[in-house]
1. Do we have K281 as in contact with a Gly (Cβ under 9 Å, 6 or more places away or on another chain) and part of a loop (DSSP other than H, G, I, E, B) here?
2. Could you list, in sequence order, the residues of region 12-22 that are on the phi < 0 side of the Ramachandran plot and either not in a helix (DSSP H, G or I) or not basic (K, R) (or both)?
3. Starting from residues that are in contact (Cβ under 8 Å) with a residue 24 or more places away in the chain and of a type in the set (A, V, I, L, M, F, W, C), keep the ones in region 1-24 and report whichever is farthest from N188 (Cα to Cα).
4. Can you name the condition, by its number, that L33 falls short on among (1) at negative phi; (2) under 20 Å from the mean Cα position of the chain (by Cα); (3) of a type outside the set (D, E, K, R)?
5. Out of everything in region 117-127 that is free of Cβ contacts under 8 Å to residues at least 40 places away in the same chain and part of a helix (DSSP H, G or I), what residue ends up being farthest from R260 (Cα to Cα)?
6. Conditions: (1) assigned to a loop (DSSP other than H, G, I, E, B); (2) under 15 Å from the mean Cα position of the chain (by Cα); (3) farther than 22 Å from P325 by Cβ. S9 meets all but one. Number of the miss?
7. Check region 184-194 and report whether any residue there is in the same structural domain as T60 (by TED's automatic domain parsing) and either farther than 19 Å from G59 by Cβ or of a type in the set (F, W, Y) (or both).
8. Here are the criteria: (1) in contact (Cβ under 8 Å) with a residue 12 or more places away in the chain; (2) on the phi < 0 side of the Ramachandran plot; (3) of a type outside the set (F, W, Y); (4) loosely packed, with under 15 Cβ neighbours inside 10 Å. Tell me which single one K154 does not satisfy.
Amino acid sequence: MENKKIWLSSPHMGGREFEFVKEAFDTNWIAPLGPNVDGLENDICVYSGAKYCAALSAGTAALHLALIISGVVAGDEVLCSSFTFSASANPIVYQGAIPVFIDSEKDSWNISPVLLEDAIKERISLGKKPKAAIVVHLYGMPADIIEIKRICDKYEIVLIEDAAESIGATVDGKMTGSFGDFGVYSFNGNKIITTSGGGALVSNNEEHIKKARFLATQARDAAPHYQHSQIGYNYRMSNVAAGIGRGQMIVLPERVARRREINAIYQRELQLDGLDFLTEKEGVLSNYWLTSITIDSSKFKGKSRETLRLALELENIESRPLWKPMHMQPVFEKYPFYGDGTSEKLFEDGLCLPSGSNMTDEELFKVINVIKKVIL
């Protein structure tokens, strides 16, 4: 009998993507821009509540452009969540700037507002006021963004929301990505919706998005010939990829609902001593892009996160350790860090479980039963 692979989070097509892609072929809009790009940008604005959007080749490109438009240059400091994927921090270094990493709070696993303000005060005292802050909404769980925005506004620091993992998540009914000066979404293949590869930059500042579109299309000046007065980038999303995105946006509410349903089933079925879930605080709605847990081996019959991961792997089930914090990464370990050990402990004890919206209930309960066998 075939032991079919259960993936952590695989692409899930909705059925109408091909209509938009076929339209691009039928009208010969294969060149980078076109009606699907315009349509997707409008769809993202309507859904997120942001006023303006630029569809781009990746979430990383969106972060990079947000930093450029924020005026970040070589030698500037940029505050950044430590507990995240490296794509959150890499664009800081692209600019020759200095990432200053901030540890997590225990509840949401996202950047700690307390440590964030502590870091700002100390950097200012050293004569190094940060230019911007990149705040990640991890695994689809919103950060304490209202308090973080208050802090950034207080010190006049540009707030960039890395909502790559959290499209569809809300705080007090407002979508993540729409609180800051900039919001960033990712449509990579493993995200809750996908354009195969791609991302978006959103803002309520029209000039910011006009600038992003200009820079993303090689910064070509308005001239009949090719003329460039500044360095640009090949960061625009193609009309074909945007067609996939338009089809995906139609089913996004369904995808969020299914991921939340999967998380609810995991929480109901895995009430095990020593196993804890990342859960919502009051006023927060997570998209639960990935259901994430921590294992306390002292209560889990001596079994660790790694014991569980390997048991799942033996059954052809993909799981993944939580992110290794940026301040622990060889490429970033030389940069400033403000922390209390929270993210290091999460990395040691945490695991992401299969959460794809195209998982069947049979596959979901296979995962659950493997976990139960490890402990019971």
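The values are calculated or read from the model by the stated rules, or taken from the named source; none is laboratory data. Model, not experiment: these values are computed from the prediction. Positions of Cβ are generated from backbone atoms using ideal geometry, with glycine treated the same way; all protein chains shown enter the neighbour counts.
1. Criteria not met by K281.
2. H12, M13, G14, R16, E17, F18, E19, F20, V21 - these are the residues of region 12-22 that are on the phi < 0 side of the Ramachandran plot and either not in a helix (DSSP H, G or I) or not basic (K, R) (or both).
3. A24
4. So the condition that L33 fails would be (2).
5. S125
6. S9 satisfies every listed condition except (3).
7. yes
8. Unmet for K154, out of (1) in contact (Cβ under 8 Å) with a residue 12 or more places away in the chain; (2) on the phi < 0 side of the Ramachandran plot; (3) of a type outside the set (F, W, Y); (4) loosely packed, with under 15 Cβ neighbours inside 10 Å: (1).
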